[in-house]
Amino acid sequence: MTSLDNSSSAPADSAVAPAVPDFQAAPAPAGETANKIALPILAMLSVCHLLNDMIQSLLPAIYPLLKESFRLDFGQIGLITLTFQVTASLLQPLVGIYTDKRPMPWSLAIGMGFTLSGLLLLSRATTFPVLLLAAALVGSGSSVFHPESSRVARMASGGRHGLAQSLFQVGGNLGSALGPLLAAYIVMPRGQGSVAWFAFAALAAMLILSRIGLWYRDQIPAQRKAGAKAAGAPPLPRRTIVATMTVLGLLIFSKYFYMASLSSYYTFYLMHKFGVSAQSAQVHLFVFLGAVALGTLAGGPIGDRIGRRYVIWFSILGVLPFTLLLPHADLAWTTVLTVIIGLILSSAFSAILVYAQELVPGRTGVIAGLFFGFAFGMGGLGAAALGQLADHIGIEAVYRLCAYLPAIGLLAWFLPKLEKRPKTA
């Protein structure tokens with residue numbers, strides 16, 4: 001796989017979307033393409049992403065426990081998720097803006113310290129406001145970790161940006177999948193206090209991130225030169241950039257509102273509709289999140305080869321038939337359909353992120369912070385809104401409504417072709 005190919009588009013490509021202007025992406029900075037991919041750094045980033053998101057996923061995974069212990073309704077559960085997601089989403093773009101100008105190699109380890117504090121507070125919380133504070137601390141740690149880790153992944157990519165982002169992202173997806181499973185077999189049987197055991201994972205992540213910080217520090221001079229070259233490349237028209245970013249934002253909205261219906265309320269849906277136990281529902285959630293991890297791993301490399309626009313098209317719109325079938329399926333088919341949905345829908349984010357970074361070259365941190373933050377914000381708003389809606393119309397009705405969200409993927413038609421299809425043998 002290679003970075004952007006400057007060969008001309010195939011005739012079939014122009015026939016698919018003749019009305020869309022064909023813009024050429026700015027070339028990748030020499031500092032990125034000339035170096036070999038730094039696989040050890042990407043592996044360490046992926047492991048830290050696994051540990052970070054495993055910790056974060058404990059919060060929604062123990063919602064059934066918290067709902068019973070604190071006598072919460074769906075609206076309050078949605079408010080916990082909203083607090084976590086909004087804290088992360090509001091801070092991430094600010095972190096990206098600041099670190100684009102003043103790189104902070106040690107920010108990754110410091111951010112994980114916030115996550116550790118929130119984790120310990122969650123294990124000892126006795127009131128609903130303290131739960132919200134714990135969620136805010138975990139969100140603050142996420143606001144530093146995600147944009148900075150995404151920046152380091154791009155630095156270590158050697159020009160294979162989609163592959164690097166997928167390797168980074170898959171760690172987070174695996175962590176998100178492990179969280180509910182560990183919650184089902186460790187936290188649920190032993191109670192809220194056992195959440196503190198996961199502090200060891202946060203401490204391990206802080207140690208690894210400190211090592212990554214050393215590598216990051218050594219790359220700063222070369223990256224400043226590469227960033228200056230990228231910023232000096234001829235930009236696309238401002239109107240095109242604004243319109244494209246708007247379309248990408250709507251696609252993120254579609255993806256993460258629908259994902260919120262599964263990540264936050266799938267266990268309740270299974271327990272309500274099929275009468276399964278809380279532990280069994282957690283296992284089903286683990287299967288879904290495992291499919292999300294596999295889809296994420298595939299999305300980036302495929303985007304490097306065939307073009308990110310096509311991956312975005314297929315990922316958002318292609319999942320629509322399966323989301324429409326899901327509310328009408330029995331338990332066995334529900335499991336099958338959620339696996340398919342997870343595989344297809346999860347391939348979008350790496351492609352969207354790298355596409356946006358190529359749309360606005362030289363602003364890696366800002367774009368990463370903006371898109372991670374917006375994704376977290378949409379997930380939080382989705383969880384809060386769907387929780388309130390579930391209290392009024394029922395959880396099954398919520399799934400019937402959410403089934404139509406992937407139709408927004410039709411807007412991918414308006415994305416300009418930043419990449420050329422590579423020549424094939």
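The values are calculated or read from the model by the stated rules, or taken from the named source; none is laboratory data. Quick caveat: nothing in here was measured; it's all calculated off a predicted structure. Here the Cβ is made from the backbone with ideal geometry for all residues, glycine too, and neighbour counts use every protein chain on show. These accessible areas exclude ligands, DNA and RNA; they are computed on the full protein's heavy atoms, side chains included. Shrake-Rupley method; radii C 1.70, N 1.55, O 1.52, S 1.80 Å.
Assorted remarks:
- Check on G380, in a helix (DSSP H, G or I), open to solvent by less than 10 Å² (accessible area, probe 1.4 Å), closer than 23 Å to L415 by Cβ and modelled with pLDDT under 80: no
- Failed condition for L324, given (1) in contact (Cβ under 8 Å) with a residue 24 or more places away in the chain; (2) open to solvent by 10 Å² or more (accessible area, probe 1.4 Å); (3) under 17 Å from A260 (Cβ atoms); (4) among the hydrophobic types (A, V, I, L, M, F, W, C): (3)
- Selection within region 177-192 - assigned to a helix (DSSP H, G or I) and open to solvent by less than 30 Å² (accessible area, probe 1.4 Å): A177, G179, P180, A183, A184, V187
- Looking across region 119-150, the residues that are crowded, with 24+ Cβ neighbours inside 10 Å and either farther than 29 Å from V187 by Cβ or not aliphatic (A, V, I, L, M) (or both) come down to G139, G141, S142, S143, F145, H146, P147, E148, S149, S150.
- Total residues in region 209-223, condition of a type in the set (A, V, I, L, M) and closer than 12 Å to S107 by Cα: 3
- Residue check, L331 open to solvent by 40 Å² or more (accessible area, probe 1.4 Å) and in contact with a Phe, Trp or Tyr (Cβ under 7 Å, 6 or more places away or on another chain): yes
- Taken residue by residue, region 15-37 has no member that is more than 18 Å from P180 (Cα to Cα), modelled with pLDDT of 85 or more and open to solvent by 30 Å² or more (accessible area, probe 1.4 Å).
- Single match in R160, R154 (criterion: touching a Ser or Thr at 6+ places or on another chain (Cβ under 7 Å) and modelled with pLDDT under 85): R160
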